[in-house]
Each structure stands twice: as C-alpha cells, then as structure tokens.
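Single-structure report; data block below.
The values are calculated or read from the model by the stated rules, or taken from the named source; none is laboratory data. Values in this document were obtained by computation on a predicted structure and should not be read as measured data. Positions of Cβ are generated from backbone atoms using ideal geometry, with glycine treated the same way; all protein chains shown enter the neighbour counts. The accessibility values were calculated without ligands, DNA or RNA, using every heavy atom of the protein model including side chains. Shrake-Rupley method; radii C 1.70, N 1.55, O 1.52, S 1.80 Å.
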Amino acid sequence: QVQLVESGGGLVQAGGSLRLSCVASGSIFSINDMGWYRQAAGKQRELVARITRGGSTNYADSVKGRFTISRDNAKNTVYLQMYSLKPEDTAVYYCSANLQEGWLSARKDYWGKGTLVTVSS
C-alpha cells in the first residue's frame, strides 16, 4: 500500500518560517506530479504549490514569493519551505502525489492525512 506522511507543521509567529516534508512509501513504480494543498477551517481545500517530476513548479498567487516547493526524487519526498508566514496561512496542509504502483498501473492521486500549521498574530 502507498502511504504519504507529512511532517513539519506546528505553531509559529507571523513572519516566521516552517518547512514541511512529505515522504511517499510503499509499492511505488514512479511518481509524477507532487503537491501541497491546504484547507483552512470552514473553507475548501486549495492548491498551494505543485511540482512536476522534472522540477517545473506552479504556486497559488497568495504564496508566490514566500513559499518554495522542491522534491527529492531519489527519496520520494516533496518539501514546502514557507517564509514570511501570515495568520491567513493557518490551515491543515496536505501532501498529494500522482503515481503508479506498477509499470502497468494507471496513474492515481494519493493524499496524506495532513499536518496543521498555525500562524499566530
């Protein structure tokens, strides 16, 4: 079974920084896009940033210039470095990966259980 496990969340003051990590493990043949999403209380889940296997990235307008997504393909890991955090960044952050479990398998999206980021004012 495939598992995505996030880490690195926590409580930080406004203006501070955090680094989130997400490791994919289990029966994995290849990982395509990986990404970070977030869901604040009472709101819908939204894209924060995505990165292709080749390293192309895209970001939500609200985090451009403050967050950086990166990945280590050898470690099946994606990172989200967050700087200049604001109270409105408070949310549960979820990792996602589009991957194949076997060379004949279809690509599927997998999700982690999330890690809470709280930014105090």
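Listed by position, the strands (runs of 3 or more DSSP E) inside the range 9-121 whose residues that are of a type in the set (Gly, Ala, Ser) number at least 3 are 18-25, 91-100.
Can you work out which of the residues in the range 79-105 that are touching a Gly at 6+ places or on another chain (Cβ under 7 Å) and of a type in the set (Ser, Thr, Tyr) is surrounded by the fewest Cβ atoms within 10 Å (Cβ to Cβ)?
Within the range 79-105, the match that is surrounded by the fewest Cβ atoms within 10 Å (Cβ to Cβ) is Ser84.
Against the condition open to solvent by 30 Å² or more (accessible area, probe 1.4 Å), in contact with a Pro (Cβ under 7 Å, 6 or more places away or on another chain) and modelled with pLDDT of 95 or more, how does Ala14 come out, does it pass?
yes
Filtered by the rule that a residue be basic (Lys, Arg) and within 14 Å of the chain's Cα centre (by Cα), the range 8-52 gives Arg19, Arg38, Arg45, Arg50. Within the range 100-115, residues that are within 14 Å of Val2 (Cα to Cα) have Cβ atoms under 7 Å from residues that are hydroxyl-bearing (Ser, Thr, Tyr) in these pairs: Gln100/Ser30; Glu101/Ser27; Asp109/Ser96; Tyr110/Ser96; Trp111/Tyr94; Trp111/Ser96; Gly112/Tyr94, counting only partners at least 6 apart in sequence or on another chain.
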